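Visitor: Mind having a look at this structure? Questions to follow.
Read the figures in this text as sums done on the coordinates, not as results from a lab. Here the structure is a predicted model, which is why all the values come from computation and not from measurement. Reconstructed Cβ throughout: ideal geometry from the backbone, glycine too, with neighbour counts over all protein chains shown.
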Amino acid sequence: MTIPFHRLRRSVAALASFAALALPHRLSAQPIAHDASDTLDVVTAARFAALALACVQKEYPNKISHILNSAADIRPPHELTPTFYGCYDWHSSVHGHWMLVRLLRTYPTASFAKAAWAALQANVTPAHIAGEVAYINATGRETFERPYGFAWLLQLGAELRETPTRDAATLSAALGPLEAAVISRLKSWLPKLAYPIREGEHAQTAFAFGLILDYARTRDPALAQMVIAKVREFHLHDKDCPIAYEPSGQDFVSPCIAEADLVRRVLPPKEFATWLTAFLPRIPTTNSAAWLPIGVVTDKTDGKLAHLDGLNLSRAWMLEGIASGLPANDARRRALLAAARVHAASGLAAVTGAHYEGGHWLGSFATYLTTRRGLGI
């Protein structure tokens, strides 16, 4: 019988967390019940992997965010960004690749493993990555995929580095120059960022900062300190987040919930509990999910409206993250976890692949949730 890799790593992760940079919440954060992770059996993992395999080498339809510097820039996506040209857009391709690596770590001998490794090896080559580096460093592309796509690129780098196989090490080495270019771009941008970006889509800084910080704490302490400084500058005095106004009609990440999930990465449990009282003062202490209704998708063929299925998935893992950052006796944990379960159930039910508008990316969010990546596992 194959034991899922993420379960083998739990005891190791618990020890390794003590060595991570500036992780006060890790030292005393409490374990939490998690229903959604139990749904990732090998059959479900194979279904998620199939979604990524169906798109990481599927060039069209394609939505590019592309600055034309001359007529020479009028080229097809696979020439512009030769690794991440599939899955409709660059960032979805990046987290589609991340999903394949994450699932391979979880079920390394599953039926999809051979096809997943083949796709990764075909796309992540030194020559293709050199093309990606040249693309993002070209004139006029300073804002390309910043910060969302870059945050997922760093998560892909982390996933490859933590996967204990020769194939993963080879891919990690190939990805390295793009990883370095992304870090350089972020370090140039962060000192100039005067305000947080609080929208519910790709530009949101809270969500991206969480992914970047999780990466940087074990890989780039200087980047980690820059992000932590921005979290403290932007968010430690925030109060009364207007969560009653959420969601907006095409959110896939919650501005309020994402900020709380970010701040719990920076503050120890008691301080985080005090901050959360001021920031979201109406979280109940009962075992009720009614305080945070799920997002409802009225047309799953509409790519923007379908974002709300992703909102339910990202809220689920962020609510679990918030609960994990509170003291064990904090009564709000019950309501947070109740809402997480309801959001997870709704979000996971939507990961069908029936419509490409959701099929090209929702599997990545479902994998992040069910493998508990946001909790450092």
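Visitor: On the principal axes of its Cα set, how long, how wide and how thick is the chain? Give whole Å, largest value first.
Guide: Computed over the Cα atoms, the extents are 57, 51, 45 Å.
Visitor: Nearest 10 degrees, 0 to 90: what angle lies between the long axis of helix 205-219 and the longest principal axis of the chain (Cα atoms)?
Guide: Its long axis makes an angle of about 80 degrees.
Visitor: Where does helix 113-123 land angle-wise versus the long Cα axis of the chain, in degrees 0 to 90, nearest 10?
Guide: 60
Visitor: Just list whichever of Lys230/Lys270; Lys63/Lys239; Lys192/Lys239; Lys239/Lys270; Lys58/Lys114 have alpha carbons separated by over 27 Å in the model shown.
Guide: The pairs that break the limit, which is 27 Å between Cα atoms, are Lys63/Lys239.
Visitor: Would you mind computing, in nm to one decimal, how far apart the modelled labels at Ala173 and Asn329 are, each placed 7 Å from Cα along Cα→Cβ?
Guide: Those two pseudo-labels are separated by 5.4 nm.
Visitor: Here's a follow-up. How many angstrom lie between the C-alpha centres of segment 234-296 and segment 52-110?
Guide: A separation of 32 Å, based on Cα centres.
Visitor: In a GNM of the chain with a 10 Å cut-off on Cα contacts, which of Pro126, Pro77, Pro281 has the highest mean-square fluctuation?
Guide: So, out of Pro126, Pro77, Pro281, the one fluctuating most is Pro281.
Visitor: What number comes out for the charge environment of Glu145, summing +1 per Lys or Arg and -1 per Asp or Glu over other residues with Cβ under 10 Å away?
Guide: Here the charged neighbours net out to +2.
Visitor: Sort 161-168, 103-110, 318-325, 149-156 by packing, meaning the average of other beta carbons within 10 Å per residue, with the highest value first.
Guide: In decreasing order of mean packing, 161-168, 103-110, 318-325, 149-156 become 318-325, 149-156, 103-110, 161-168.
Visitor: With runs of 4+ DSSP H residues as the only contributors, calculate the mean residue ellipticity of the chain at 222 nm using -39,500 (n - 2.57) per run, divided by the residue total and rounded to the nearest 500.
Guide: -17000 deg cm²/dmol
Visitor: Here is a follow-up. Distance in nm between label sites at Ala345 and Ala138, each 7 Å beyond Cα in the beta-carbon direction?
Guide: The two pseudo-label positions are separated by 4.9 nm.
Visitor: Also, I was wondering about something else. Over all distinct alpha-carbon pairs, what is the Kirkwood Rh of segment 238-377 in angstrom?
Guide: Roughly 15.1 Å, rounded to one decimal.
Visitor: Mind checking the dipole of segment 180-334: about its Cα centre, +1 per Lys or Arg Cβ, -1 per Asp or Glu Cβ, Debye to the nearest 20?
Guide: 480
Visitor: If you count, for each residue, the other Cβ atoms within 10 Å and average over each peptide, how do 248-258, 174-184 line up from highest to lowest?
Guide: Listed from highest to lowest mean packing, they are 248-258, 174-184.
Visitor: Under a point spin-label approximation (7 Å from Cα along Cα-to-Cβ), what is the Val296-Gln121 distance to one decimal in nm?
Guide: 4.9
Visitor: Also: Considering only Tyr135, Tyr245, Tyr88, give the residue with the highest GNM mean-square fluctuation for the chain, with springs between Cα atoms whenever their separation is below 10 Å.
Guide: Fluctuation is largest for Tyr245.
Visitor: Between helix 42-53 and the chain, what is the angle of the helix's C-alpha long axis to the longest principal axis, kept within 0 to 90° and rounded to the nearest 10?
Guide: 50
Visitor: Right, next: Once fully extended, how much extra length lies between Leu68 and Tyr245, figured as 0.36 nm per residue of separation less the alpha-carbon to alpha-carbon distance?
Guide: In short, 59.9 nm is gained.
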